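The values are calculated or read from the model by the stated rules, or taken from the named source; none is laboratory data. Bear in mind that the values here come from a model prediction, so they are computed numbers and not experimental data. Backbone-built Cβ (ideal geometry, glycine too); neighbour counts: all protein chains shown. These accessible areas exclude ligands, DNA and RNA; they are computed on the full protein's heavy atoms, side chains included. Shrake-Rupley method; radii C 1.70, N 1.55, O 1.52, S 1.80 Å.
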Amino acid sequence: RDAKALDPEIVSARLKVSEERQRAKEKQEQALREHKQEIGRRVSNATGRDAKSLDTEVEAARKKAAEERSRQKSATQEQLQAHVRDLQKRLANATGRDAKALDAEVEAARQRVAKAKAAEKARQEEMLRQQNKDIYTKVRSSTGRDAKALDPEVEAARRAAAEEKRRAKEEAEAQLAEENRSFGKRLASTGARDAKALDPEIVSARLKVSEERQRAKEKQEQALREHKQEIGRRVSNATGRDAKSLDTEVEAARKKAAEERSRQKSATQEQLQAHVRDLQKRLANATGRDAKALDAEVEAARQRVAKAKAAEKARQEEMLRQQNKDIYTKVRSSTGRDAKALDPEVEAARRAAAEEKRRAKEEAEAQLAEENRSFGKRLASTGARDAKALD
C-alpha cells in the first residue's frame, strides 16, 4: 500500500517510550517529595540549638536523591537513544515509497547540536557537583564563627557557574533556532512532489510563535535573575538586626515579578491560541487534496482534555495566590514574637494545595495516556487500504 503514516510497530514503540519516560518522571517526583517531607520533619523537630547548616544525614539524603535522579535521567536518555537508533535503522532500510524524512545534512546538523548540548550539560553538572563538594567541605571544617552567609569566593563561583550555564544555553538555543530557520527555508523551496508537508505560511507562522515564546522566556528569566540579585544585595547589606521575615520592598518586588510572569504567560498562551485557531481555519478551508487531519471524535477528546487542564491550572493558580495573600497578611500582622517557621494552619494549607495539584496533574496525564493508547490501537487496526488519513 501507499503508506504515508508510521506503521503500527513504530507507533507502539513511541508510545512505550513515552510511558516509560512518564513513569520515570513520576518516580523521580515522588522521591523528591519524600525527601522534602523528611527535611521538613527534621527541621520542625530540631530544638535546643541554633542550626545554621544541615547535618550529615540530611546531606547524605540529598546526595542520594541527586544520584538517583541522575541515574534515572541517564537510563531514560539511553532508552531514548536506543529508540532513535532503531527508528533510524528502520528509515534507512525503508524502500518502495516516497521519502518523507530529512536529508543527511539536516540530520547531521541536528545530531551535532544534540551532542554539543549533552556534553555541555554533563560538564555543567560535573562543575556543580565539584562546587557543592567544596562548599560542603568548607562548611564542615569551619569552626569558631557564626556564619550566616556564604563567603565571597563561594558566591563568585556560583555566579560564574550560573553565567556560564546561561551563556551555553543561549548559544545552543541560538544554533537550534538557526537550523530550524534553515530547515524551514528548505521546506519552503521544495517543489515537484505531492503536498504532504506544511506550506510556507504555516511554517513561517510556527517559527514566529516559537521566537516570540523564546523572547518571552528570556525576558522572564532576566527579570528573575535581577530579582534574585537584588535580594542577595539586600541580605548581604543587612546589619544590626536579626531579620526573620522579608521587608515590604522585597515582598513588593516578588509580587511584581510574579505578576509579570503571569502576564507574559497569558500573552504567550493567547498568541498560541490565536495561531491554533488560524491553523484550524486553514485546514477547514483546505480543498483539492487528501485529508491528513484527525476525525471529529479525536479532536473533541483532545479539546476536552486541553480545556480541563487549563481550568485546573487556573484554579490551582488562584488557590495559590489566595494562600500567599493570607500568609502575607498573617506575617505582616504578627508582632511580639520571634517566629522561625510558619504556623500549622499555613503548613497544612500548603501541603493540601500541593497534593491537590499533584493529583490533578496525574489525572490529566493518565487521561492523555489513555487517549494515546486508544489512538495507537486505531492505527494498529488500519490495513488493506490506501491509508491517507487517521481513522
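Is there a pair in Lys73/Lys361; Lys219/Lys325; Lys115/Lys169; Lys36/Lys228; Lys219/Lys256; Lys169/Lys219 whose C-alpha atoms are over 18 Å apart, and which pairs would that be?
Exceeds cut-off: Lys73/Lys361; Lys219/Lys325; Lys36/Lys228.
In whole Hz, with x marking every Gly and Pro, tabulate ³J(HN,Hα) for the range 30-37 from phi via Karplus 6.51 cos²θ - 1.76 cosθ + 1.60, θ = phi - 60°.
Once θ is set to phi - 60°, the couplings for the range 30-37 become 5, 5, 5, 5, 4, 5, 5, 5 Hz.
Please compare each pair in Lys117/Lys357; Lys309/Lys357; Lys117/Lys313 to a cut-off of 20 Å on the Cα-Cα distance and tell me which ones are over it.
Lys117/Lys357; Lys117/Lys313
Heavy atoms of the protein only, probe of 1.4 Å, neighbouring chains included. What is the accessible area of Thr329 in Å², nearest 10?
That residue has around 80 Å² of solvent-accessible surface.
When we measure straight from the Cα of Lys133, which aspartates and glutamates land under 16 angstrom away, once same-chain ones fewer than 8 places off are left out?
Counting by Cα, and skipping residues close in sequence, Lys133 has these aspartates and glutamates nearby: Asp55, Glu57, Glu59, Glu67, Glu125, Asp151, Glu153, Glu155.
Among the aspartates and glutamates, select those whose C-alpha is under 15 Å from the C-alpha of Lys185, and discard any that sit fewer than 8 residues away in the same chain.
Hits, sequence-local ones excluded: Asp103, Glu105, Asp199, Glu201.
Can you check what the net charge comes to around Glu57, using other residues whose Cβ is under 14 Å from the Cβ of Glu57 (Lys, Arg +1; Asp, Glu -1)?
Result for the neighbourhood of Glu57: +3.
Can you list the aspartates and glutamates whose alpha carbon sits under 15 Å from that of Lys330, skipping same-chain ones fewer than 8 residues off?
Straight-line reach from Lys330, under 15 Å: Asp247, Glu251, Asp338, Asp343, Glu345, Glu347.
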